[in-house]
Each structure stands twice: as C-alpha cells, then as structure tokens.
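Colleague: Sending over a structure as structure tokens; questions will come in a sec.
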Amino acid sequence: MDKIIIEGGRRLSGSIPVSGAKNAALTLLPCALLTDEPLTLRNLPRLADIDGFQHLMNQFGVSTTIAGSRPEDFGRVMTLEAPRITSSVAPYELVRKMRASILVLGPMLARMGEATVSLPGGCAIGNRPIDLHLKALEALGAEIEMAAGYVRAHAPDGGLPGGRYSFPVVSVGATENALMAAVLATGRSSLHNAAREPEIVDLCNMLVAMGAQIEGIGTSDLTIHGVPRLHGATYRVMSDRIEAGSYACAAAITGGEVTLEGAKFEEMEATVQALRDAGVSVEAVAKGIHVAAEGPLKAITLSTAPYPGFATDMQAQLMALLCLAEGSSVLTETIFENRYMHVPELNRMGAHIETKGRTAVVHGVKHLTGAEVMATDLRASMSLVIAGLAAQGETQVHRLYHLDRGYERLEEKLALVGARVERVGGD
C-alpha cells in the first residue's frame, strides 16, 4: 500500500493549478443519464472517485470516451453518451465503494421511470442517511420500497408528475437527486430549504445548458419546470474550492506565499474569512487567489455550517493549521458526528488537541514533529499532509487511497511550490 513521505520545514512558494471540483464532477456525471445525446465534461479531475463513477455509468450502458491528453496535464475531457440505457440497477459491488453512487437514483427515475440502487452503507466520518433523498423523490411522485438492501423506485405511467418538497434540514445530495429527477417531470416542482453550495449552482447551470428550466439558482428556493427531453452539452467543471482551501492552509502553515490558479474567491468566502481571522493574507488576483503568511498565526473560534457557512470538508485542514497558532482555537463540527478521527494522529505529531462531543479545542504549540501517521478519511488525510509540511523531520502518511479519491496528483502539485514529498510503495 502506497504512502507519502514528507520532509517538513520547507516554505512553500509559487503557483498551484486548482483542479476541477470532485464534489461537482460526481454530480455532473450522472446527468448523462438524462439525455440520449453526448455530454462532454471538461476540466474533469483525475481521481479514483471519478474512475469509480465512470465504471458505474458503464454498468448502465453509458459509453465513456476520454480525449487524448498529455500525462503531465492536470484534468481531462470525458464524453458520456447514453442513447440507450441497458440496465437500471446499481449493484452493491459498485455502490459500496462510493456513496455518491446514490446520485443515479434521480436521473434514472426521470428517464427510465425506474431504478434499483443498493443502499450505500456506512461512512467513516459518520452516518449519512438517504432518507431525505427518498422523501424528496416521493414528493415528486415516485413510489419507493426497500428490499434486500436495495432501494427500488418507480415512477407512475407517463413519468414523474413533479411536486413540492421542503427539506427539514439542508442536504446537498438530496437536493441534487431531486433536481435531476424534476427536470424531466411532466409538471412543475418546487424545492424549499434547498442546499445552495456552489456545486449545486454548477449542477443547475449545466442542466440549463442541457435545456432544463430552473428558477431561483443560487437560492434556497428552486422551481423546476419539467421539459419533455434534454439535449447534450459541453460543460466545464467548476474549480475545486476545497482543494484550493487545502493548499491555502498548506502555504500558510509553512509561512509561505502561493497563488492558487483558477480558484474562485467568491465561492470561498467563509474559508477566506477563517484564514484571515487566523492571520493569513488572502487576496483575489487575476489568476485566482493569492495566499501569504506574513506573521504569527492566531487562534480562532469557528463552527462548520451549510453553505455559505464554513464547509465541513475544510475543518480538518484548518485544524492542522491552527495547531501552530498562538492561543487556543475552538472548532465545532455541526454536520457529521464522527469527523475528528484525525485528532489522535495530529497529537502523535506533537499537537495538543482535546475533543468533547462535537467540539475540539486546539491549543497552539511551538512546533510539530514528524511521525508515522494513518489516514482515516479524505479530508483527514490532507490535514496530516499539511501538518507534515510544517513538522520538524520526516512524516509518513499511510493509506493514500483516501487522498487519491479527492486530490489530483497531490505530490506533483506540492513539488511545484518547493515541497519535498515522495510517494513510495508500502508494505
């Protein structure tokens, strides 16, 4: 099993290209099921999760073609074409590897009138139930039953009629599934208290490019007027705001200065504010975002929240940064109940972090020390890399398959700004 070896204590300086957003791409890919015409996605990141979703799409009879590109290029272009759906079943052996697989439920219902999708099972960072997905689809007219670990969904003859649903709590995935189901409904649908994340906006924009009629994009109240069919499109995946925020933390913890090429300032306002509160300079520039650590890091108090609040996917990376801040920071995780698994590993590196329930108190220390650490999930993995970049001595991060799910060619990007990072085969 591969591991990353990091020689810490090197100041990062230069430019890092920000890849296409994983969380957006995994929502755009299933949209190919909504049309019999080609859908071409540009700026698609090269990630294990993208490869996994491609295999799932092939299971339904969708052909996928990747345009030729140089191995040294970041991102790629993929064309998906589904003139005929050959299967409406998402089997356990594919779904169990990636929770985002549940996002095929809405588009399959919309186009085929039926879908059978394996329940995604547990998740390392906590419980992620799909009940809101199912309730939203039922509100649009679907009939749903659970049997033998599968969700079986059917639309009435003539297709989903559409309907109204108000989410009791904000859910990104359930909003996405409901949107994709509603665009081909025979009537009007309205979604209230819908998620407003930039990835939702990206999905809406691509659906509109395919011929969908959606009102209220960017707000928590969406109105979808169903259309008889959607056509193909060519669409560029948005930049990854979580990747950009992660590299911003990496630059700051090393006292560095980095330009994040392609990062969108307006999509990262909560992250930008948190970094500024911690004493980091963050400014919009022509190429993206410029990050510089110009003085000592400061302790902050922060809670995660749905967009436009501070993203739960940035909590672990910010925590790593705050390990070297002056004073004690207080972080509260409101989205997932088990998202502090990186804390024991950071403490192995000399951090002083105490947790109680959903709150973590990060007592700043003078320095971190390199150690062998174990990645537990995607964002926790990146927090260990960030800590390793600033630590004295050598850090080894094991279980790299977590990182490969969400960070395109991590070690190459870090090398661009002066880090000494090497991927080696493990035992």
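Colleague: Please go through (1) at pLDDT 95 or above; (2) part of a loop (DSSP other than H, G, I, E, B); (3) touching a helix residue (DSSP H, G or I) at 6+ places or on another chain (Cβ under 6 Å) for E37 and return the number of the only condition it doesn't satisfy.
Modeller: Only one criterion is unmet by E37, namely (3).
Colleague: Looking only at segment 321-343, which residues are modelled with pLDDT of 95 or more and out of contact with any strand residue (DSSP E or B) (no Cβ under 9 Å at 6 or more places or on another chain)?
Modeller: Result: L324, single match.
Colleague: Can you name every residue in segment 279-308 that is buried (at least 18 other Cβ atoms within 10 Å of the Cβ), under 24 Å from the mean Cα position of the chain (by Cα) and among the small types (G, A, S)?
Modeller: G288, the sole residue that qualifies.
Colleague: Do we have E243 as outside the structural domain of V201 (by TED's automatic domain parsing), closer than 30 Å to P38 by Cα, of a type in the set (D, E, K, R) and in contact with an Asp or Glu (Cβ under 9 Å, 6 or more places away or on another chain) here?
Modeller: Taking the combined requirement at face value, the residue satisfies it.
Colleague: Also, I was wondering about something else. Looking at (1) in a strand (DSSP E or B); (2) surrounded by fewer than 18 Cβ atoms within 10 Å (Cβ to Cβ), can you tell me which one H367 breaks?
Modeller: It fails just one condition, (1).
Colleague: If you don't mind, there's one more thing I want to ask. Output yes when any residue across segment 411-426 is touching a residue at least 24 places away in the same chain (Cβ under 8 Å), in a strand (DSSP E or B) and more than 27 Å from V365 (Cα to Cα), and no when none is.
Modeller: yes
Colleague: V151: modelled with pLDDT under 95, at negative phi and not acidic (D, E), yes or no? Before the answer, list the steps.
Modeller: Numbers: modelled with pLDDT under 95: yes; at negative phi: yes; not acidic (D, E): yes.
Spelling it out, V151 is indeed modelled with pLDDT under 95, at negative phi and not acidic (D, E).
Colleague: Now a separate question. Answer with yes or no whether L322 is touching a helix residue (DSSP H, G or I) at 6+ places or on another chain (Cβ under 8 Å) and either crowded, with 20+ Cβ neighbours inside 10 Å or touching a residue at least 40 places away in the same chain (Cβ under 8 Å) (or both). Reasoning before the result, please.
Modeller: Details: touching a helix residue (DSSP H, G or I) at 6+ places or on another chain (Cβ under 8 Å): no; either crowded, with 20+ Cβ neighbours inside 10 Å or touching a residue at least 40 places away in the same chain (Cβ under 8 Å) (or both): yes.
Against the criterion (touching a helix residue (DSSP H, G or I) at 6+ places or on another chain (Cβ under 8 Å) and either crowded, with 20+ Cβ neighbours inside 10 Å or touching a residue at least 40 places away in the same chain (Cβ under 8 Å) (or both)), L322 does not qualify.
Colleague: Could you count how many residues in segment 334-357 are farther than 13 Å from R379 by Cβ and in a loop (DSSP other than H, G, I, E, B)?
Modeller: The qualifying residues number 6.
Colleague: Restricting attention to segment 168-202, which residues are assigned to a loop (DSSP other than H, G, I, E, B), in contact (Cβ under 8 Å) with a residue 60 or more places away in the chain and of a type in the set (G, A, S)?
Modeller: Taking segment 168-202 first, the residues assigned to a loop (DSSP other than H, G, I, E, B) are 168-171, 183-187, 193-197.
Of the ones still in play, those that are also in contact (Cβ under 8 Å) with a residue 60 or more places away in the chain are 170, 183-185, 195-197.
Answer for segment 168-202, where residues must be assigned to a loop (DSSP other than H, G, I, E, B), in contact (Cβ under 8 Å) with a residue 60 or more places away in the chain and of a type in the set (G, A, S): A185, A195.
Colleague: Are there any strands (runs of 3 or more DSSP E) wholly within segment 208-248 with 1 or more residues that are closer than 18 Å to P198 by Cα and at pLDDT below 95, and if so which?
Modeller: none
Colleague: For segment 273-290, what are the residues that are in contact (Cβ under 8 Å) with a residue 24 or more places away in the chain and either closer than 16 Å to S15 by Cα or part of a strand (DSSP E or B) (or both)?
Modeller: The answer is V280, V282, V285, K287, G288, I289, H290.
The values are calculated or read from the model by the stated rules, or taken from the named source; none is laboratory data. Model, not experiment: these values are computed from the prediction. Glycine also receives a Cβ, built like all others from the backbone with ideal geometry; neighbour counts cover every protein chain displayed.
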